[in-house]
Amino acid sequence: MVMDSKQQAMNVGLAGLGGVAAQFATHPCETTMVRQQLAGSLKEGGSMLSMASKIVRTEGIPMLWRGFEAAAIREVFYSSLRFGLYEPIKTALGADAVHYGGDAQKVPFWKKFTAGCLAGAIGSAIASPTDLLKTRMQRDTAMPPKGMMIFLRQVLAEPPGFPMNLYNGVGATITRAAVLGGTKMAVYDQCKIVFKHTFGFSETRSWAEQILVVQLGASVLTGLAVTATSSPFTNARTFIMTSPPGTYPSMFHCIADIVRKKGPLGLYAGFGAQWARFGPYAIIQFIAWEKLRALCGIPPI
């Protein structure tokens, strides 16, 4: 079923609400991930649990939510667009079931991936300044913690001047978001089709079957797929955004530098923390979003 213009506009807002809820629940994992990625070596970064314990021990439990103000603002823009634009873009590409005689199984995976890539790239390009502020705040260990406006003033004072200083690392952010968006939306979409058409599950028979099997199962698999495909770009983004402007000529220079200093596995530093974030994030975001859609009379993805 293709949404009308009113439903599409409503869907964008609902996606953002689901994103903020998921971000709050998983933000400690992201803060831990950033600290692991910026550690001098894989050994120094340690495990997710050891780094999280270090943050709690030296800074306190609330500091696991460093940068949440910027993260929440980011979700309002980024998640609203990357999730909310997916279906309209998919329709524009002729990748919805309507274009295939109502048979969702016939829709090519690459079309779904392309729609997710485009939606993710658009959302991240607009939200990149908040991503920069969030990452800077998560890196900081000052006590008491500095407010978001202090970091904003620091960024605005950096070269090359306004507004480009707000977009330091935007190339890495867009690349990561495109890969992440394409993987997340296409895999979730495809997993739901497999659960329903191959294994015979339904989103209409019972609440338990809808939530605990179809949506939860698709979300768990999506979280793993997203972590595996986006980790190198997530690491590069973290380094670029926390380094002085001009340190890395491009994202690929940053990736090469990480490999040179830490080896290939350095691109997957913080993998456990990433999965611990992406898995629950996908579960909370997708289930909350799908529930909000149902309450507003919008059909499931």
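Taking the criterion of being in a helix (DSSP H, G or I), surrounded by fewer than 16 Cβ atoms within 10 Å (Cβ to Cβ) and not charged (D, E, K, R), would at least one residue in the stretch 127-150 satisfy it? Spell out how you get there, then give the answer.
First pass over the stretch 127-150, keeping only residues in a helix (DSSP H, G or I): 127-139, 148-150.
Filter once more, so that each one left must be surrounded by fewer than 16 Cβ atoms within 10 Å (Cβ to Cβ): 149-150.
Then keep just the ones that are not charged (D, E, K, R); that gives 149-150.
Yes.
Name the single residue, out of those in the stretch 156-177 being among the hydroxyl-bearing types (Ser, Thr, Tyr) and closer than 18 Å to residue 274 by Cα, that is least open to solvent (accessible area, probe 1.4 Å).
Looking at residues that are among the hydroxyl-bearing types (Ser, Thr, Tyr) and closer than 18 Å to residue 274 by Cα, I get 173.
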Practice task
Say whether the condition of being in contact with a helix residue (DSSP H, G or I) (Cβ under 7 Å, 6 or more places away or on another chain), over 18 Å from residue 84 (Cα atoms) and either surrounded by 15 or more Cβ atoms within 10 Å (Cβ to Cβ) or not charged (D, E, K, R) (or both) is met by at least one residue in the stretch 178-188.
Solution key: no
Completion exercise
Only unsatisfied item for residue 75, checking (1) over 19 Å from residue 223 (Cα atoms); (2) buried (at least 22 other Cβ atoms within 10 Å of the Cβ); (3) without any contact (Cβ under 8 Å) to a residue 60 or more places away in the chain, is (1)
Problem - Contacts under 8 angstrom Cβ, first residue in the stretch 241-258 being on the phi < 0 side of the Ramachandran plot, partner in a loop (DSSP other than H, G, I, E, B) and charged (D, E, K, R), 6 or more apart - result: 244/158; 245/158
Problem - Selection status of residue 112, in a helix (DSSP H, G or I), under 15 Å from the mean Cα position of the chain (by Cα) and either free of Cβ contacts under 8 Å to residues at least 40 places away in the same chain or surrounded by 15 or more Cβ atoms within 10 Å (Cβ to Cβ) (or both) - result: no
Problem - Identity of the residue in the stretch 47-67, in contact (Cβ under 8 Å) with a residue 60 or more places away in the chain and closer than 30 Å to residue 119 by Cβ, that ends up surrounded by the fewest Cβ atoms within 10 Å (Cβ to Cβ) - result: 48
Exercise for the section: Please indicate, with yes or no, whether at least one residue in the stretch 236-248 is under 29 Å from residue 115 (Cα atoms) and loosely packed, with under 15 Cβ neighbours inside 10 Å. Expected result: no
Handout entry: Candidates 294, 218 - the one that is within 26 Å of residue 20 (Cα to Cα), in a helix (DSSP H, G or I) and without any contact (Cβ under 8 Å) to a residue 12 or more places away in the chain
Key = 294
Exercise for the section: Among the numbered conditions (1) assigned to a helix (DSSP H, G or I); (2) among the charged types (D, E, K, R); (3) open to solvent by 40 Å² or more (accessible area, probe 1.4 Å); (4) under 22 Å from residue 20 (Cα atoms), tell me where residue 153 comes up short. Expected result: (4)
Practice task
Look through the stretch 3-46, keep the residues that are closer than 28 Å to residue 264 by Cβ and of a type in the set (Asp, Glu), and return whichever of them is most open to solvent (accessible area, probe 1.4 Å).
Solution key: 44
Completion exercise
Taking the stretch 82-105 and keeping only residues that are open to solvent by 40 Å² or more (accessible area, probe 1.4 Å), touching a Gly at 6+ places or on another chain (Cβ under 9 Å) and in a helix (DSSP H, G or I), one is left with 100
Handout entry: Every residue from the stretch 23-57 that is under 25 Å from residue 254 (Cα atoms), assigned to a helix (DSSP H, G or I) and of a type in the set (A, V, I, L, M, F, W, C)
Key = 29, 33, 34, 38, 42, 48, 51
Exercise for the section: For the stretch 156-169, state whether one or more residues are part of a helix (DSSP H, G or I), aromatic (Phe, Trp, Tyr) and modelled with pLDDT under 95. Expected result: yes
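The values are calculated or read from the model by the stated rules, or taken from the named source; none is laboratory data. Because the structure is a prediction, the values reported are computed rather than measured. Ideal geometry is used to build each Cβ from the backbone, glycine not excepted, and the neighbour counts take in all protein chains shown. Please note that ligands, DNA and RNA were not included when accessible areas were found on the heavy atoms of the full protein model with its side chains. Shrake-Rupley method; radii C 1.70, N 1.55, O 1.52, S 1.80 Å.
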